[in-house]
Amino acid sequence: MGYTMAEKILGAHAGGEPARAGDVVVANVDFSMIHDGRAANALKMVAKLGAKSLPSASKTAFVLDHYSPPPNIEAANTHKAMREFADAHGAVLYDVGDGICHQVMPEGGHLTCGDLIIGTDTHSVTYGAFNAFSTGVEGTDVTAVMATGKLWFRVPETIRIELKGALQPGVWAKDITLTMLGRLGAEGANYRALEYVGSAVSAMEIDDRMTLANHAAELGAKAAILEADAKTLAWLEAHGARPPRPVTADPDANYVDRIVIDASALVPQVARRHEIDDVVGVPEVQGQKINFALIGTCTNGRLDDIRQAAAILKGQRIAKGVRMIVTPASRQVYLAAAREGLLEVLTRAGASVEAAGCGTCVNITGHLITGDGDVAISSANRNFKGRLGNDKSEIWIASAATVAASALTGMITDPREVAGGKWTAGQAA
Amino acid sequence: MNTHIKSRVHLLGDNINTDTQCSSKYLPGKDNAYVAQHAFEKTAPDFAARFKAGEVIVAGKNFGINSSREQAVHIMRMMGVAAIVAQSFGRQFFRNCINNGLPVVECDISDIADGDEIAIDLAAGSVTVAARGIKRTVAALPPAVQSILAEGGLIAFLQKHPDWNAA
């Protein structure tokens, strides 16, 4: 019997031979990430361990993105401690405004195909877009890795998801993951690794592939891994990554489930208020009023998301009574969007463009708070009641295209029905 | 770590989010002792007042779902939770428990009620509620995981085995 990508990568890092689902291995970790939301706990665990040295701290990124900028003394002090620790131990520091951890990790060239990566964040699964096994952990785990270079892993069972055909213009990776959430339910892939393959994945640009891997977190997945191709290798080389070691699954690998989705049949999707797996096609809720539109986050704050929004809002004005915030995922994304004139397009249309960070996802910096009865539509990944700081408001989740189209009309709108809504990645906005 | 646990059951439901029920995520500046006094009160009023050190939590599916802060496990350890038996666990929460020496058992929990006397044999892999005639076999944890639990968690384990040799 053959092996899945997860079994091969974990096995290769635990001594050479592929591992089997269900095995527990102690494996060498290639790179780690700690963000400011979990750093205080991680540094407590470092102190508790009391190791004489932390040889793998230099293979760790410290990212100041959640409390960016810090809204209180506690967060500002965590930032101070992170800067001091990074200085003392040679960790790589990404400071306030540099960007969201899941964007700066690949942009910084910290990972490559075949790698084993960990991060103190559920959405650390994002790096699977680059053919790596990457998963979310906690402070004790990163402490162990900084001290020993290794960590224990249970090798997960895998679900193989084949996306046949081609996505229609105006339909995005976000719509695929929302479809999966509707089918499997939140946590429906708990403990599992996902392999995303097929023509619709190959056709995606890197930005959209990152959305596909990232959003697997809402399915509860331990990892989501895509195959590497020429686009992957060119992107990694351009960002100074280490030499790639691409991994593919064997044809006779063992899967707990195989799912085939006809990508060409998908329409834009939306997760309704409060529940990420209450998913319907946009046409079913067309006309639902909104008054807050958010584009950003580690799920959909990349250049192609901003290009899509700008293609819709170019020369237009968002609906009266709607406020809109756009947060580029990183400083590099911000600069690229500025160079292309997209920030001017969005600002003229009535949106506020913020410095890069996690702010658009959750009411962590205190400035996104919603009023009673407000209805937000967001390109983020979670819509629990109160996520934006008010239990009496609601959040609907959709692609950047659907968010921009909805901001334009003031109601949930199919992007394919507005000018610019059928923009596709790979062409100028 | 004791591999035989015999104590009283505190029953909780499905999809318990330990970030919202047992961490300071939405209580900025509050310490673990404060959060412990209010743990799980949104689903089980007076939980903290009724819970005594050495007792067991029994819960439904997806216990500890979502981002699952490690702090929740630190607080449960502070409260003296001896073990958690659940239909299923959130992936990260399960990991956090092992890393902090808190035994977790995945097991069918049907017919187990609040206040029952439960016996857990971690080594043999069994869960028993004698008064109800329940005896269920559960998969024993892999040896590497048992070694980490036996030392009281991953930090203590690495202090003793910095080369991971006992894992």
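The values are calculated or read from the model by the stated rules, or taken from the named source; none is laboratory data. Owing to the predicted nature of the structure, the values given are computational and were not obtained by experimental measurement. Counting neighbours? That spans all protein chains shown, and the Cβs are built from the backbone with ideal geometry, glycine included.
Filter segment A:365-380 down to the residues that are of a type outside the set (Gly, Ala, Ser) and buried (at least 24 other Cβ atoms within 10 Å of the Cβ) and list them by number.
Taking segment A:365-380 first, the residues of a type outside the set (Gly, Ala, Ser) are A:365, A:367-370, A:372, A:374-375, A:377.
Within segment A:365-380, A:377 is the sole residue that qualifies.
Go over the candidates B:131, B:119, B:113, B:166 one by one and state the one that is surrounded by 13 or more Cβ atoms within 10 Å (Cβ to Cβ) and over 15 Å from the mean Cα position of the chain (by Cα). Break it down stepwise before answering.
Values: B:131 fails: surrounded by 13 or more Cβ atoms within 10 Å (Cβ to Cβ); B:119 fails: over 15 Å from the mean Cα position of the chain (by Cα); B:113 fails: surrounded by 13 or more Cβ atoms within 10 Å (Cβ to Cβ).
Exactly one residue qualifies, and that residue is B:166.
From the list B:30, B:25, the one residue that fits, being closer than 18 Å to residue A:138 by Cβ and out of contact with any strand residue (DSSP E or B) (no Cβ under 9 Å at 6 or more places or on another chain), is B:25. Here segment B:134-154 is the region considered, the condition is being in contact with a Gly (Cβ under 9 Å, 6 or more places away or on another chain), assigned to a helix (DSSP H, G or I) and within 11 Å of chain A (Cβ to nearest Cβ), and the residue that is surrounded by the fewest Cβ atoms within 10 Å (Cβ to Cβ) is B:154. Being away from every other protein chain (no Cβ under 11 Å) and within 16 Å of residue A:245 (Cα to Cα) holds for only one residue in A:18, A:70, and it is A:18. Looking only at residues in segment A:45-66 that are in contact with a Leu (Cβ under 9 Å, 6 or more places away or on another chain) and of a type in the set (Gly, Ala, Ser), the one that is surrounded by the most Cβ atoms within 10 Å (Cβ to Cβ) is A:61. Based on what the data block shows, is residue A:373 closer than 23 Å to residue A:276 by Cβ and at pLDDT 95 or above? Answer is yes for this residue. Looking across segment A:387-422, the residues that are more than 16 Å from residue A:218 (Cβ to Cβ) and either free of Cβ contacts under 8 Å to residues at least 12 places away in the same chain or part of a strand (DSSP E or B) (or both) come down to A:391, A:394, A:411.
In segment A:326-353, which residues are in a loop (DSSP other than H, G, I, E, B) and surrounded by fewer than 20 Cβ atoms within 10 Å (Cβ to Cβ)?
First, pick out the residues of segment A:326-353 that are in a loop (DSSP other than H, G, I, E, B): A:327-329, A:340-341, A:349-350.
Scanning segment A:326-353 gives A:340, A:341, A:350.
Residues of segment A:216-244 that are surrounded by 15 or more Cβ atoms within 10 Å (Cβ to Cβ) and assigned to a loop (DSSP other than H, G, I, E, B): A:220, A:221, A:222, A:227, A:228, A:239, A:241, A:242, A:244.
Let's see how each residue does on (1) in contact with an Asp or Glu (Cβ under 9 Å, 6 or more places away or on another chain); (2) in a strand (DSSP E or B); (3) under 22 Å from residue A:64 (Cβ atoms):
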site: A:9; (1), (2), (3): yes, no, no
site: A:15; (1), (2), (3): no, no, no
site: A:18; (1), (2), (3): yes, no, no
site: A:25; (1), (2), (3): no, yes, no
site: A:42; (1), (2), (3): yes, no, yes
site: A:46; (1), (2), (3): no, no, yes
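Every residue, every condition in (1) more than 25 Å from residue A:418 (Cα to Cα); (2) among the charged types (D, E, K, R); (3) assigned by TED's automatic domain parsing to the domain that holds residue A:121; (4) modelled with pLDDT under 95, yes or no:
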residue	(1), (2), (3), (4)
A:300	no, no, no, no
A:304	no, yes, no, no
A:311	no, no, no, no
A:317	no, yes, no, no
A:327	no, no, no, no
A:383	yes, no, no, yes
A:386	yes, no, no, yes
A:390	yes, no, no, yes
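Limited to segment A:50-67, what total is found for residues that are more than 14 Å from chain B (Cβ to nearest Cβ) and either farther than 15 Å from residue A:86 by Cβ or among the basic types (Lys, Arg) (or both)? Residues flagged as more than 14 Å from chain B (Cβ to nearest Cβ) and either farther than 15 Å from residue A:86 by Cβ or among the basic types (Lys, Arg) (or both) within segment A:50-67 amount to 1.
Of everything listed in (1) surrounded by fewer than 18 Cβ atoms within 10 Å (Cβ to Cβ); (2) more than 14 Å from chain A (Cβ to nearest Cβ); (3) within 22 Å of residue A:23 (Cβ to Cβ); (4) in contact with a helix residue (DSSP H, G or I) (Cβ under 7 Å, 6 or more places away or on another chain), the single unmet condition for residue B:103 is (1).
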